[in-house]
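Asker: What follows is a single structure, and I will ask about it in a moment.
Please treat every number below as a calculation from the coordinates, not as lab data. Model, not experiment: these values are computed from the prediction. Here the Cβ is made from the backbone with ideal geometry for all residues, glycine too, and neighbour counts use every protein chain on show.
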Amino acid sequence: MPAQPSANVTYKTVSQAAPAANTEQLITVPATTKGWYIYSVFLPLVQGITQTPLPLLQFKDAAGNLWMESTGSTTAQAVSTTTAYSWAPGMLLTGQIGTAAAVHSNAPIPDALICLPGFTIGTVTIGIGANSQYGIMRLMVAEYA
């Protein structure tokens, strides 16, 4: 938890609608805040036949410079599966756990991960294709006003 929470901090879930198939996810920290302290990121990925994607979660500054990246799993997602990817401090990196529509994978992100206005949190997916469909991306954040 951020040091000394105050009335200037709002704890909330931020979400981004599901994009079209074969499209990456992206959330931008709004200019109306002083920044976000990131607690966790959750992102489902439905995969049909043919591709075996492997999502990477990327953090970039307002100029688009990559400054942190975390892979979503130790292995690529199998065909015809739905995987729920979760990133949070203290999590151990896992492979694909489960089968079919109930697969899960966990991955770590640093504690005290702060994103300033204009910074982005998004995906770059190795092996993404026409049959890859991200769901709603959700972040748990402390927003500083």
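Asker: Percent relative contact order of segment 16-140, based on C-alpha pairs within less than 8 angstrom and at least six residues apart?
Answerer: Over segment 16-140, the number comes to 43 percent.
Asker: Grab the other residues whose beta carbon is less than 15 angstrom from that of Q25, score K and R as +1, D and E as -1, and report the net.
Answerer: 0
Asker: Further, regarding this structure: Tell me, what is the FRET efficiency for E24 and A145 to the nearest 0.05, using R0 = 22 angstrom and their Cβ-Cβ distance as r?
Answerer: That gives a FRET efficiency of 0.15.
Asker: Rounded to the nearest 0.05, what FRET efficiency do A62 and A101 have when you use their Cβ-Cβ distance and R0 = 30 Å?
Answerer: 0.20
Asker: Report the one residue of S70, S80, Q58 whose Cα lies farthest in the direction of the positive end of the charge dipole of segment 16-145 (charges on C-beta: Lys and Arg +1, Asp and Glu -1; origin at the Cα centre).
Answerer: S80
Asker: Could you sort the peptides 103-113, 36-46 by per-residue average Cβ neighbour count (10 Å cutoff), highest mean leading?
Answerer: Going from most to least packed, we get 36-46, 103-113.
Asker: In debye, nearest 20: dipole of the chain around its Cα centre with unit charges on the Cβ of K, R (+) and D, E (-)?
Answerer: 160
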